[in-house]
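Written out below as structure tokens is the structure these notes cover.
Just so you know, all these numbers are worked out from the coordinates, no wet-lab data involved. Bear in mind that the values here come from a model prediction, so they are computed numbers and not experimental data. Ideal geometry is used to build each Cβ from the backbone, glycine not excepted, and the neighbour counts take in all protein chains shown.
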Amino acid sequence: MNVHIGLHVTNLKKSIDFYTDLFEENPVKVKENYAKFMPENLALNFTLNLVNEVHGNQVGHFGIQVKSGEVLLKHKERLVKAGSQITEEMNTNCCYALQDKFWINDPDGNEWEFFYTKNKDSQAVQDDVDGCCVS
């Protein structure tokens with residue numbers, strides 16, 4: 001099974017560039033007002049749909065969970081090299097798990113979280129219950 005996400009964007013070229021860097025793959029289809037990504041390493045059917053206007057972040061956030069801290073750092077380094085601004089959170093308690101993570105925003109302000117779960121059942125006090133699981 002693949003998860004499908006259809007995302008509204010206001011600048012198709014900038015969004016294609018951003019998501020090409022994010023997924024490390026080119027779109028499989030591009031039209032005048034549409035682009036489709038089928039990332040090989042994600043069970044995801046991801047489309048960009050051009051609209052005139054987007055009002056802020058229309059979802060809490062999107063996330064990509066990786067299998068190790070080394071893989072997380074690899075993605076962080078390549079996205080910084082591609083020009084993305086990142087916000088890093090290491091050794092943070094989020095969703096009652098100890099995680100290392102970083103955040104980036106797409107051209108329309110949608111937040112993407114890359115994270116590695118170091119301890120799946122942390123009993124520590126939640127650092128930011130309002131921001132980490134629902135932001």
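Residue-level check: of (1) touching a strand residue (DSSP E or B) at 6+ places or on another chain (Cβ under 8 Å); (2) exposed (fewer than 13 other Cβ atoms within 10 Å of the Cβ); (3) under 23 Å from LEU7 (Cα atoms), ASN49 misses just (2).
If you go through the range 62-117 and keep only what is among the polar types (S, T, N, Q) and buried (at least 16 other Cβ atoms within 10 Å of the Cβ), you end up with SER84, THR92, ASN93, GLN99, ASN105, ASN110, THR117.
LEU7 satisfies every condition listed in (1) touching a helix residue (DSSP H, G or I) at 6+ places or on another chain (Cβ under 9 Å); (2) over 30 Å from LYS118 (Cβ atoms); (3) of a type outside the set (Phe, Trp, Tyr); (4) part of a strand (DSSP E or B) except (2). Selection within the range 98-112: residues that are out of contact with any Cys (no Cβ under 9 Å at 6 or more places or on another chain) and part of a strand (DSSP E or B). The member of this set that is nearest to VAL59 (Cα to Cα) is GLU111.
Just one of LYS67, LYS76 is charged (D, E, K, R), closer than 30 Å to LYS120 by Cβ and part of a loop (DSSP other than H, G, I, E, B); which is it?
Working: LYS76 fails: part of a loop (DSSP other than H, G, I, E, B).
Only one candidate qualifies: LYS67.
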